[in-house]
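Before any comments, here is the structure.
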Amino acid sequence: MAKRLHVILARAGVASRRQAEELIREGRVAVNGKVVVDPATQVVWGQDTIRVDNRLIDRLEPKVTVILNKPRGVVTTVSDPKGRPTTAELVRDIKARLFPVGRLDYHTEGLLILTNDGELAQYLQHPKYGIPKTYLAKVKGLPTAQAMKRIRCGVILNGKQTAPAKVRKIGTTGKNTWIEMTIREGRNRQVRRMWAAVGYPVLKLKRTRYGTIRLGNLKPGAYRRLTRREIEDIRKCIPR
């Protein structure tokens, strides 16, 4: 049965659907010897020859999904031109080609999902599904009730208002405050930018939950595979 090219690449563990679309549009994918730039190109697995960067895609990898406790000072990428440590290096003993679901910036730590399951990644990071992501943030100062209300209602970032967020104070340390915050969007550095917009810069940031998956007591730099039950719980929420 013919399927769209970007769907096939996702199932083969090459990249998420969104990333596969980018690879195709960049002219890095060839079907039967011809470069294609339309992600909707129809192909038949096992009949059509598919190459990415001239590498033959000839098998569907077993699905592997892990959660990593990303430390601060590590970039969410396969390689870094500046020579900084990468998340790929932390899971290098896994043979499957894993790609991150979304990103955590260089200074942010905590839960990062990596997988070669393109369909699962598509669901977890696509904006239309609004998967909740929970963070623990240390902000500079003691936020007022008005600032907390603005965060809950949404603030303007680049001319567009953020969706409502759940936020509560956990405690204080001197002149700073620990906050638990849950958002359903994934804009670039969103949590940091929201708090900066209301006058309380983020000093430390850690993601503790992504959808139904919790970081738990996983040590920084360590990872674990998701259990079958955890995968099933995620899939139960995927719209059919």
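The values are calculated or read from the model by the stated rules, or taken from the named source; none is laboratory data. This is a predicted model, so every value here is computed, not measured. All Cβ positions, even for glycine, are placed from backbone atoms using ideal geometry, and neighbour counts span all protein chains on display. Surface accessibility is based on the protein's heavy atoms, side chains included, excluding ligands, DNA and RNA. Shrake-Rupley method; radii C 1.70, N 1.55, O 1.52, S 1.80 Å.
Of note:
- In the stretch 97-114, of all residues being of a type in the set (A, V, I, L, M) and farther than 17 Å from Glu230 by Cα, the one that is most open to solvent (accessible area, probe 1.4 Å) corresponds to Leu98.
- Residue check for Val167: open to solvent by less than 40 Å² (accessible area, probe 1.4 Å), under 30 Å from Ala222 (Cβ atoms) and either touching a residue at least 40 places away in the same chain (Cβ under 8 Å) or not in a strand (DSSP E or B) (or both): no
- Highlighted here are the strands (runs of 3 or more DSSP E) found entirely within the stretch 176-240 that include at least 1 residues which are open to solvent by less than 30 Å² (accessible area, probe 1.4 Å), out of contact with any Asp or Glu (no Cβ under 7 Å at 6 or more places or on another chain) and of a type in the set (D, E, K, R): 202-210.
- Residues that are open to solvent by 60 Å² or more (accessible area, probe 1.4 Å) and part of a helix (DSSP H, G or I), drawn from the stretch 148-164: Lys149, Arg150, Arg152, Cys153
- Matching entry among Val31, Val44, Val64, Val36 (being hydrophobic (A, V, I, L, M, F, W, C), under 30 Å from Gly216 (Cα atoms), open to solvent by 10 Å² or more (accessible area, probe 1.4 Å) and modelled with pLDDT under 95): Val64
- Residue ID - farthest from Ile94 (Cα to Cα), chosen from residues in the stretch 115-137 that are touching a Phe, Trp or Tyr at 6+ places or on another chain (Cβ under 9 Å), modelled with pLDDT of 95 or more and open to solvent by less than 40 Å² (accessible area, probe 1.4 Å): Ala137
- Scope the stretch 13-69; condition in contact with a Phe, Trp or Tyr (Cβ under 8 Å, 6 or more places away or on another chain) and of a type outside the set (Ser, Thr, Tyr); matching residues: Ala15, Gln19, Leu60, Val66, Ile67, Leu68, Asn69
- The stretch 47-65, subset in a loop (DSSP other than H, G, I, E, B) and over 25 Å from Arg235 (Cβ atoms), residue farthest from the chain's Cα centre (by Cα): Gln47
- Residue match in the stretch 77-96 (condition: within 13 Å of the chain's Cα centre (by Cα) and β-branched (Val, Ile, Thr)): yes
- The lone exception for Glu22 - which of (1) in a helix (DSSP H, G or I); (2) open to solvent by less than 30 Å² (accessible area, probe 1.4 Å) it fails: (2)
- Per-region count, the stretch 67-87, residues modelled with pLDDT of 90 or more and either in contact with a Cys (Cβ under 7 Å, 6 or more places away or on another chain) or closer than 22 Å to Asp117 by Cβ (or both): 7
- Within the stretch 89-114, the set of residues being modelled with pLDDT of 90 or more and of a type in the set (Gly, Ala, Ser) comprises just one member, Gly110.
- Pairs with Cβ under 7 Å, 6+ apart, first in the stretch 24-45 and over 18 Å from Leu56 (Cβ atoms) and of a type in the set (A, V, I, L, M, F, W, C), second part of a loop (DSSP other than H, G, I, E, B) and open to solvent by less than 70 Å² (accessible area, probe 1.4 Å): Val37/Gly27
- Complete set of residues in the stretch 96-120 that are basic (Lys, Arg) and in a strand (DSSP E or B): none
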